[in-house]
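Supplied in structure tokens, the structure appears directly below.
The values are calculated or read from the model by the stated rules, or taken from the named source; none is laboratory data. Owing to the predicted nature of the structure, the values given are computational and were not obtained by experimental measurement. Cβ: placed from backbone, ideal geometry, glycine included. Neighbour counts: every protein chain shown.
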Amino acid sequence: NAGVTQTPKFRVLKTGQSMTLLCAQDMNHEYMYWYRQDPGMGLRLIHYSVGEGTTAKGEVPDGYNVSRLKKQNFLLGLESAAPSQTSVYFCASSYGLGNSPLHFGNGTRLTVT
Amino acid sequence: DAKTTQPPSMDCAEGRAANLPCNHSTISGNEYVYWYRQIHSQGPQYIIHGLKNNETNEMASLIITEDRKSSTLILPHATLRDTAVYYCIAYSGNTPLVFGKGTRLSVIA
């Protein structure tokens, strides 16, 4: 039981390049989330999904797209990376809402030069 | 969900109990009090949560005041590995989980 797995762990991009971050969970959780964390700051929600085939915007969605084609996977895409997107990205999942804790992955450290 | 207020930092001697306070004076009846922690560079780790009653698990205890306007997370015997940022969050599920700045706990040998 791996929990929440994020790939890759590290990536360096040049400005304008694109990439996809993959999040996979093996807990049959309905809800999945993408957060970013900048140095010295708390986590900010980018996008989330309340079930397979659904996505919704969080606090800071601009510059990102997401897809949830399979229940166990939640993909975060950067179409044209910018230095402002240099951050650590965390994926999380939960079984439900309210009385259901979020389980987090160990993050993807992205640097855009 | 209700805003929470935590001290920015605290110190605790190794082996002693760490008591981390949190104020959530505007919490509503359907909001749970959640605690997470983040050890340097790792993903946030769920610790405990509760609605009205005090809760205990293998990691910590959560004490919620009767009026639910504040709570305390207790780590009974803090170790160096408990050094982390601790987040207190009021969460109902009506909106996604939002993290504040938390309390940076330093456990000192």
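Looking only at the stretch A:74-88, decide whether some residue is modelled with pLDDT of 95 or more and within 11 Å of another protein chain (Cβ to nearest Cβ).
yes
I want to confirm something. Restricting to the stretch B:35-77 and keeping residues that are within 17 Å of B:LYS3 (Cα to Cα) and within 14 Å of another protein chain (Cβ to nearest Cβ), which single residue is farthest from the chain's Cα centre (by Cα)?
Ranking the qualifying residues of the stretch B:35-77, first place goes to B:LEU51.
Among the listed residues A:GLY16, A:GLY51, A:GLY107, which satisfies the condition of being under 10 Å from the mean Cα position of the chain (by Cα), small (Gly, Ala, Ser) and either surrounded by 17 or more Cβ atoms within 10 Å (Cβ to Cβ) or more than 8 Å from chain B (Cβ to nearest Cβ) (or both)?
A:GLY107
Just to be sure before I move on: is B:THR26 of a type outside the set (Gly, Ala, Ser), away from chain A (no Cβ under 13 Å) and farther than 22 Å from B:LEU80 by Cβ in the structure I sent?
Yes: the conditions hold for B:THR26.
In the stretch A:7-41, what residues are polar (S, T, N, Q), out of contact with any helix residue (DSSP H, G or I) (no Cβ under 8 Å at 6 or more places or on another chain) and either within 21 Å of A:SER84 (Cβ to Cβ) or free of Cβ contacts under 8 Å to residues at least 40 places away in the same chain (or both)?
A:GLN17, A:SER18, A:THR20, A:GLN37
Can you name every residue in the stretch B:78-109 that is aliphatic (A, V, I, L, M) and within 14 Å of chain A (Cβ to nearest Cβ)? Working first, answer last.
We begin by selecting, within the stretch B:78-109, every residue aliphatic (A, V, I, L, M); these are B:78, B:80, B:84-85, B:89-90, B:97-98, B:105, B:107-109.
Scanning the stretch B:78-109 gives B:ALA84, B:VAL85, B:ILE89, B:ALA90, B:LEU97, B:VAL98.
Now for a different question. Determine whether the stretch B:20-34 contains at least one residue that is in contact with a Lys or Arg (Cβ under 7 Å, 6 or more places away or on another chain), at pLDDT below 95, hydrophobic (A, V, I, L, M, F, W, C) and on the phi < 0 side of the Ramachandran plot.
Yes, that holds for at least one residue.
Could you grab me the full set of residues in the stretch A:55-81 that are closer than 18 Å to A:MET41 by Cβ and surrounded by 13 or more Cβ atoms within 10 Å (Cβ to Cβ)?
Passing the criteria: A:GLY58, A:GLU59, A:VAL60, A:PRO61, A:GLY63, A:TYR64.
Okay, next question. Show the residue pairs meeting these rules: Cβ distance below 8 Å; 6+ apart or different chains; first residue within the stretch A:44-62 and over 14 Å from A:MET32 (Cβ atoms); second residue aliphatic (A, V, I, L, M).
Filtered contacts from the stretch A:44-62: A:ARG44/A:VAL60; A:GLU59/A:LEU45; A:GLU59/A:ILE46; A:GLU59/B:VAL98; A:VAL60/A:LEU45; A:VAL60/A:ILE46; A:PRO61/A:ILE46.
Only residues that are small (Gly, Ala, Ser), over 11 Å from the mean Cα position of the chain (by Cα) and either closer than 25 Å to A:SER93 by Cβ or part of a loop (DSSP other than H, G, I, E, B) (or both): list them for the stretch B:98-109, please.
If the condition is that a residue be small (Gly, Ala, Ser), over 11 Å from the mean Cα position of the chain (by Cα) and either closer than 25 Å to A:SER93 by Cβ or part of a loop (DSSP other than H, G, I, E, B) (or both), then B:GLY100, B:ALA109 are the ones that fit.
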